[in-house]
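Colleague: One structure follows; several queries about it will come next.
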Amino acid sequence: QVQLVESGGGLVQPGGSLRLSCAASGIIFNAYTLAWYRQAPGKQRDMVAFISTGGTTNYADSAKGRFTISRDNAKKSVYLQMNSLKPEDTAVYYCNAVLYRSTYWGQGTQVTVSS
């Protein structure tokens, strides 16, 4: 059974930082491209960042310079370090794993940026 379990969300003030984690099980982790998506209320789910099997990363414009995605294949985990958070970063953040036509999602973790 495949599971992606996110953690690390919470309430943070504008300008603060959070580190999201996603632990995977049931997949050959190092074969998957991994990504973080987010979905704000009433909006579509958008990609924030992804990291390939080889470590190549790509970021949404809104995340460039503030967020960093990384992976630890030994721990079967992917991370999203988020700095300089803004109220518009408030959303549910989802972990995603893709290999060819197989795609898996975590249950999401809430990030709220507010003073």
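The values are calculated or read from the model by the stated rules, or taken from the named source; none is laboratory data. Since we're looking at a predicted model, the values are computed, not measured. A quick note on method: Cβ atoms are made from the backbone with ideal geometry, for glycine too, and the neighbour counts reach across all protein chains shown. With ligands, DNA and RNA removed, areas are computed over all heavy atoms of the protein, side chains included. Shrake-Rupley method; radii C 1.70, N 1.55, O 1.52, S 1.80 Å.
Colleague: Mind listing whichever residues of segment 68-115 are under 13 Å from L20 (Cα atoms) and either small (G, A, S) or in contact with a Pro (Cβ under 6 Å, 6 or more places away or on another chain) (or both)?
Modeller: S70, S77, A91, G106, G108
Colleague: List every residue pair whose Cβ atoms sit under 9 Å apart, with the two residues 6 or more apart in sequence or on different chains, where the first one lies in segment 82-96 and is among the β-branched types (V, I, T) and the second, anywhere, is open to solvent by less than 10 Å² (accessible area, probe 1.4 Å).
Modeller: The qualifying pairs are T90/V111; T90/V113; V92/V111.
Colleague: For segment 92-111, how many residues meet the condition of being more than 11 Å from the chain's Cα centre (by Cα), part of a loop (DSSP other than H, G, I, E, B) and at pLDDT 95 or above?
Modeller: 1
Colleague: Could you please find all residues in segment 55-112 being polar (S, T, N, Q), closer than 12 Å to L34 by Cβ, in contact with a helix residue (DSSP H, G or I) (Cβ under 9 Å, 6 or more places away or on another chain) and open to solvent by 30 Å² or more (accessible area, probe 1.4 Å)?
Modeller: To start, the set of residues in segment 55-112 that are polar (S, T, N, Q) comprises 56-58, 62, 68, 70, 73, 77, 81, 83-84, 90, 96, 102-103, 107, 109-110, 112.
Now narrow it down to the ones that are closer than 12 Å to L34 by Cβ: 56-58, 70, 73, 77, 96, 103.
Still in the list and also in contact with a helix residue (DSSP H, G or I) (Cβ under 9 Å, 6 or more places away or on another chain): 73, 77.
The answer is N73, and nothing else.
Colleague: Is one or more of the residues making up segment 68-91 of a type in the set (K, R), part of a strand (DSSP E or B) and closer than 25 Å to Q1 by Cα?
Modeller: Going residue by residue through segment 68-91, those that are of a type in the set (K, R) are 71, 75-76, 86.
From the residues that got through so far, the ones that are part of a strand (DSSP E or B) too are 71.
With the extra rule that they be closer than 25 Å to Q1 by Cα, the set shrinks to 71.
Yes, segment 68-91 has at least one match.
Colleague: Would you mind stating whether V12 is open to solvent by 50 Å² or more (accessible area, probe 1.4 Å), among the β-branched types (V, I, T), in contact (Cβ under 8 Å) with a residue 40 or more places away in the chain and out of contact with any Phe, Trp or Tyr (no Cβ under 7 Å at 6 or more places or on another chain)?
Modeller: Judged against the criteria, V12 is not a match.
Colleague: Filter segment 15-32 down to the residues that are open to solvent by less than 60 Å² (accessible area, probe 1.4 Å) and part of a strand (DSSP E or B) and list them by number.
Modeller: Answer for segment 15-32, where residues must be open to solvent by less than 60 Å² (accessible area, probe 1.4 Å) and part of a strand (DSSP E or B): L18, L20, S21, C22, A23, A24, S25.
Colleague: Between a residue in segment 48-77 that is among the β-branched types (V, I, T) and any residue that is in a loop (DSSP other than H, G, I, E, B), which pairs come within a Cβ distance under 6 Å, given they are 6 or more apart or on different chains?
Modeller: V48/A60; V48/A63
Colleague: Within segment 33-51, which residues are of a type in the set (A, V, I, L, M, F, W, C) and open to solvent by 50 Å² or more (accessible area, probe 1.4 Å)? Before the answer, list the steps.
Modeller: First pass over segment 33-51, keeping only residues of a type in the set (A, V, I, L, M, F, W, C): 34-36, 40, 47-51.
Answer for segment 33-51, where residues must be of a type in the set (A, V, I, L, M, F, W, C) and open to solvent by 50 Å² or more (accessible area, probe 1.4 Å): M47, F50.
Colleague: Kindly indicate whether A35 is touching a Lys or Arg at 6+ places or on another chain (Cβ under 8 Å) and in a strand (DSSP E or B). Walk me through how you get there before you give the answer.
Modeller: Details: touching a Lys or Arg at 6+ places or on another chain (Cβ under 8 Å): no; in a strand (DSSP E or B): yes.
In short, no.
Colleague: Could you list, in sequence order, all residues of segment 54-65 that are under 14 Å from N96 (Cβ atoms) and not in a strand (DSSP E or B)?
Modeller: Selection gives A60 alone.
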